[in-house]
Amino acid sequence: MRWPGRVPAGRVVDDFVSHLDFAPTFLKVAGATVPAVISDRSLLPLLPTWGVGGIGPARNRASTALECPTWCRPDGGTYPMRAVRTAEYL
């Protein structure tokens, strides 16, 4: 991420984030209140630090899911996908 004067350049942070974290991040940057229905977390605490590697201990995994509700297999079977990603496993 780039934010001159606010985010140190040239560092690498290995914490797991999700695109769902962007909404609370942008809302906080804009000074807006994050609605309680948004369960994802703002990335702002990670941005201004000089830490590298994994700096947010609670961000040690990411989960994802996909549903493909189409009639694409015999008898109406679909291709659901679930995954949990950690530093060691997918």
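The values are calculated or read from the model by the stated rules, or taken from the named source; none is laboratory data. In this text the structure is predicted, and so the values were computed from the model without any measurement. Note that we place each Cβ from the backbone using ideal geometry, even for glycine, and neighbour counts take in every protein chain shown.
Some observations on this one:
- Per-region count, region 1-37, residues on the phi < 0 side of the Ramachandran plot and either outside any loop (DSSP other than H, G, I, E, B) or at pLDDT 90 or above (or both): 19
- Scanning region 1-44 for residues that are small (Gly, Ala, Ser) and surrounded by fewer than 13 Cβ atoms within 10 Å (Cβ to Cβ) turns up Gly5, Ala9, Gly10, Ala30, Gly31, Ala32, Ala36, Ser39.
- Residue in region 47-61 that is within 29 Å of Pro4 (Cα to Cα), at pLDDT below 85, among the charged types (D, E, K, R) and out of contact with any Asp or Glu (no Cβ under 8 Å at 6 or more places or on another chain) present: yes
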